[in-house]
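> Submitted below is the structure of interest, expressed as structure tokens.
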Amino acid sequence: MEEHDESVDEQLIEFIRREALEEVPVPPELQARIERRIEATLATRHKMGWGSTALISGAATLALGLANPAGFDPAFVLLLTLAAVVYGAGVRQLTAVPAPRVQEGSA
Amino acid sequence: MSDEALRQRAVHLSRAYGPLVYGIARRYAHTTADLDDLVQDMWVRVVEILPGKNPASPDDRWLCVVAANVGFEFLKRRRRRDALLKLFRFHPRETDGAGPSPMAMADSAASRIWAAVDALPGLQRQVVLHRVIEGMSTEETAQAINRAEGTVKASLHRALRTLGAELADLESLWSSSDL
């Protein structure tokens, strides 16, 4: 009985695998929009510019430095700057936004 | 994977398997504009998760799972939006999303299968997508959905019972009579 069940399951799985995939031709203009969207998505992955990254890094350095006024020796400042750059780069990465949809008729 | 390699791979996949993804998108979209947006969203998701794709997973089946998940999320968003709009009766009467999807093809076996799969509880649906559609092993599926192998087996068993009952009228197509 269990073997029968397993066999039926296998047949059902095969049927689903075989029948679920159905191809419908993509209109050429839609295919072109898809490819433009793929390219736009990759092009806009890093939305935030380096200027903003530097600004955030600088602000973070200043905030951290002011929070530790006693610790302003050169090694600490270097460490702080490094941490702020990493923080800025992280923010830059996180603010990447998807590319806008490619509308019909857009170049 | 560099951005250029990723772009080339994604464009290649969209050309090779576009009709497959488009066929799935049509099951979830209600209007031509929806379909256009949905297909693009599916390919954006592909670009986002392609670097983490299991190389052992066949491209076409993996794409089907990605497309089905994006389509299902789209459908859920649309249902939530429609429910909200129904709540506020003063919205303009532009209910192009009401009722079953007009973009879907006639009552084909594929349409029936996807409708039955989408009606499964969340975990069972994920297991069916990975185990049945994508063709992953029990172990790979367990890793993909972060569950124990026993859970995967039990969920698949329950899902197949439900699907078997839902597709019972098509049984002549999948069950051999010599059993």
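> Once you have all Cα-Cα distances for the range B:1-78, histogram them in 10 Å bins from zero and send the whole-percent values.
Result returned by the calculation: 19, 54, 24, 3.
> Here's something else I'd like to know. For the pair A:Glu14/B:Glu4, report the inter-label distance in nm, with labels modelled 7 Å from Cα in the Cβ direction.
4.7 nm
> Is chain B best put as rounded, prolate or oblate by its Cα gyration tensor, with a ≥ b ≥ c the root eigenvalues, rounded for a/c under 1.5, and otherwise prolate when a/b is larger than b/c, oblate when not? Please list the in-between numbers first.
Details: a/c = 1.64, a/b = 1.10, b/c = 1.49.
It comes out oblate by the Cα gyration axes.
> Which values, in whole Å and largest first, are the semi-axes of the equivalent ellipsoid of the range B:106-179 obtained as the square root of 5 times each eigenvalue of the Cα gyration tensor? Don't skip to the answer; put the middle values down first.
On the way: eigenvalues 109, 39, 22 Å².
The answer is 23, 14, 10 Å, longest axis first.
> Residue by residue through A:25-37, how many Cβ atoms from other chains fall within 10 Å of the Cβ on average?
Numbers: counts 4, 11, 4, 0, 1, 8, 7, 0, 4, 14, 7, 1, 9.
For peptide A:25-37, the averaged partner shielding equals 5.
> Next question. Just need the relative contact order of chain B here, percent rounded to a whole number, with Cα pairs under 8 Å and 6+ apart. Please list the in-between numbers first.
Working: 146 pairs, mean separation 40.2, N = 179.
Contact order relative to length: 22 percent.
> A follow-up question, please. Ranked from highest to lowest mean number of other Cβ atoms within 10 Å per residue, what is the order of the peptides B:19-27, B:45-53?
On the way: B:19-27: 23.4, B:45-53: 16.0.
Order by mean packing, descending: B:19-27, B:45-53.
> To the nearest 20 debye, what is the magnitude of the charge dipole of the range B:106-179 about its Cα centre, counting +1 on the Cβ of each Lys and Arg and -1 on the Cβ of each Asp and Glu? It would help to have the intermediate numbers written out before the result.
Numbers: 7 positive and 10 negative charges, 59 e Å.
That gives the range B:106-179 a dipole magnitude of about 280 debye.
> Using 1/(1 + (r/R0)^6) with R0 = 25 angstrom and r between the beta carbons of B:Leu87 and B:Ala115, what's the FRET efficiency to the nearest 0.05?
Numbers: r = 26 Å, r/R0 = 1.04.
Once rounded, the FRET efficiency stands at 0.45.
Computed from the coordinates by the stated procedures, all read-outs in this text should not be read as laboratory data. In this text the structure is predicted, and so the values were computed from the model without any measurement. Note: ideal-geometry Cβ built from the backbone for every residue, glycine included; neighbour counts use all protein chains shown.
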